[in-house]
Amino acid sequence: MRRSSDDRWFRIGTGVFPALVLAIAAGIAYELTTDSMLSIRKFGLSFWTGKTWDPVSGVFGGYPFIWGTLYSSILALILSTPIALGIAIFISELSPRMLRTPLTYLTELLAAIPSIVYGLWGIFVLTPLIRKLEVLTPDWLKKVPLFSGPPVGVGMGTAAVILSIMVVPFTSSVAREILKNVPVAQREAAYALGATRWEAIKVAIGYGKTGMIGAIMLGLGRALGETMAVTMVIGNAPIVSLSLFKPQYTMAAVIANEFTEAADELYLHALIEIGLLLFIITIVVNVLSRLLIWTATRRFARVIVMPAAVEEPEEAVA
Amino acid sequence: MSYVTRRKIVSRVMEILCGVAVILALLPLAAILFYVLSQGASSLNLAFFTQMPKPVGETGGGMANAIVGTLILIGLAALFAVPVGMLCGIHLSEYSNSPFSSVVRFAADVLNGVPSIVVGIFAYGLVVLPVRRFSALAGGVALGLLMIPIVVRTTEELLRLVPGGLREGALALGATRRRAVFSVIVPAALPGILTGILVAIARVAGETAPLLFTSFNNHFFTTNIMQPMSSLTVQVYTYAISPYEDWHRQAWAGAFLLVLIILSLSIAARLAVRRLERMNRP
């Protein structure tokens, strides 16, 4: 009897800590909501659509920041997705075996470099480079909204480039895992039907499609919340524009810049409401992404148990 | 051109494009490391480690207070996150099939994706607001909160790698679950768990955003955790966005030191993992 009660106490005693993790998640939601109440009450839903951000007269609208966060993240995904998937395919399908580990390590190194170092590099190396490119833009191209605006270097385009570099390792490492877990039989079947190497890879990608989308969304979650590097190169002006040249602003950047300057309560609450919105958006994206990756890996797990499961040819060599 | 040739060409072109993607990603990595090394190493000197920041206009000075501050912040974070994270990981691996564990696992993964600046706001509300003062303690709490999900997941994964025979042996000898876990299973996985903690430390050591309004910044040397405290990352940020040439130089030096710390932590972890794998191989 003593033994079973010891086991029960062990379960309860260690169970306090997972409960604490849940409490942290709930605590974040609670704190962000209560500390933004003033702003939520005053502006209601118009906070989402309001374009004026004027701390002096106490008018706060978050639209330019929401726009900046979404636009920069989507641009970053457009740039990073092909590269990240290319890396995943190269490492898992094409590269010689001895290159696999070093390449994996090097691409993951991109995730280890702190955001602030990206930002520093962005200010002093990338921004001047992009400014040169912007100066070279021919006049006819400048009529396109995407390329209008002054060639100052800091702005949406620079932010998107730096974000895309930072997102690549997250997407590629999950995509690589997914590809690694696609049963070899899928590729062999494709080859047996006379597929070329690329066509066989396409079959493997198609098989892991759910997981691939999950990987891309994981990258999106990272891009949405990225703060320092973006703050340092985006120009920090609450402008809503399609232009890549114009300085804009993001939700994370406005919190980083103005939080310590928020003199009155309403200002602080408005900033925390921006944080709340950012929290909600990233939670939704992350939950979706985890669910997709989870479904994908579960599907693989089922397939591997089936009798038709194939031996890994690589294992045989080793 | 025949249909088959065209398909072969497409395949070849796509394979080459995948290689190009790798180069496109490694290019910025090389560029960043090159600039941090060349600009940082030339700006690094003894004064950087031993002296305090000089006021605007005076050249020289260092980041002694920020270096100590970063160490204190990391220490505080580990103090909060390691016990909580490890015990949580132990529970998840011991009762891995319970619905409660699945929920917590999912929550930890999602928490891992919450932007660090949002976690900073939480720490601000938790520690700064009640006493109305920025403090190193708040910064440590923020970093600790960011560390917890990583420690939880690595602990759990590494405990699962412990051979089932060890647990069964302990239980067969009449050990309670508690004894089996703390005297047999955890010690077997400990080197790996410590490695995971190193990785988690490397990850939070580079955080800036959650420190901006928790530990804030301090031009003076302090070890009092109830006071605002300088950190390498916030100091690099302050210097980077300043208009002074000499401060930019210092920012590069700070970035160099940060990258050095983080890379050596992650390389050490990598080597340790490799050794563990070799030891565990039958």
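Any read-out appearing in this document is the output of simple, stated calculations on the displayed coordinates, not a laboratory observation. Computed from a predicted structure; not experimentally measured. Cβ placement follows ideal geometry from the backbone for every residue including glycine, while neighbour counts extend to all protein chains displayed.
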Cut-off of 10 Å, at most 14 other beta carbons, DSSP loop: longest stretch of chain B lacking such trypsin sites (Lys or Arg not before Pro): B:134-282
Give the Cα extents of chain A along the principal axes, in whole Å, largest first. 74, 70, 32
Ascending count of other beta-carbon atoms within 10 Å, so fewest first, for B:His91, B:His219: B:His219, B:His91
Kindly write out, for segment A:163-168 in residue order, the coupling ³J(HN,Hα) from the Karplus curve 6.51 cos²θ - 1.76 cosθ + 1.60 (θ = phi - 60°), rounded to whole Hz, with x marking Gly and Pro. 4, 4, 4, 6, 7, 3
Descending semi-axes in whole angstrom, ellipsoid equivalent of segment B:143-255, from the Cα gyration tensor: 44, 14, 10
Could you compute the net charge surrounding A:Asp54? Neighbours are other residues with a C-beta less than 13 Å from the C-beta of A:Asp54; K and R count +1, D and E count -1. -1
When you look at the Cβ of every residue in A:240-247, what mean number of other chain Cβ atoms sits within 10 Å? 0
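Set the Förster distance to 45 Å, then compute FRET efficiency between B:Ser102 and B:Ala268 from the Cβ-Cβ distance, nearest 0.05.
My answer for the efficiency is 0.85.
Over segment A:144-271, what is the relative contact order in whole percent, taking alpha-carbon pairs under 8 Å and six or more residues apart? Mind showing how you got there, number by number?
Working: 148 pairs, mean separation 49.0, N = 128.
About 38 percent, as a whole number.
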So, over other residues within a Cβ distance under 13 Å of A:Gly275, counting Lys, Arg +1 and Asp, Glu -1, the net charge is -4
Dipole in debye (nearest 20) - the protein assembly as shown, about Cα centre, beta carbon charges: Lys, Arg +1; Asp, Glu -1: 1460
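Sum up the lysine pairs in segment A:64-304 that clear both bars: alpha-carbon distance under 24 Å and a spacing of 8 or more or different chains.
On the way: A:Lys132/A:Lys142; A:Lys132/A:Lys143; A:Lys132/A:Lys246; A:Lys142/A:Lys246; A:Lys143/A:Lys246; A:Lys180/A:Lys202; A:Lys180/A:Lys209.
Number of lysine pairs found: 7.
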Between 0 and 90 degrees, rounded to the nearest ten: what's the tilt of helix A:197-207 against the longest Cα principal axis of chain A? 70
Measure nothing but the geometry: give the 0 to 90° angle between the long axis through the Cα atoms of A:2-34 and the longest principal axis through the Cα atoms of chain A, rounded to 10°. 40
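Counting Lys and Arg as +1 and Asp and Glu as -1, what is the net charge of the other residues whose Cβ lies under 13 Å from the Cβ of A:Gly155? All intermediate terms of the calculation are to be shown ahead of the outcome.
On the way: positive: A:Arg131, A:Lys246; negative: A:Glu134.
So the environment of A:Gly155 carries a net charge of +1.
Can you sort A:Thr137, A:Thr227 by how many other beta carbons sit within 10 Å, fewest first? Walk me through the numbers before you get to the answer.
On the way: A:Thr137 15, A:Thr227 28.
Going from least to most buried by this count: A:Thr137, A:Thr227.
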Hey, what's the Cα Rg ratio for segment B:65-108 versus the globular rule of thumb, 2.2 N^0.38 Å? 1.62
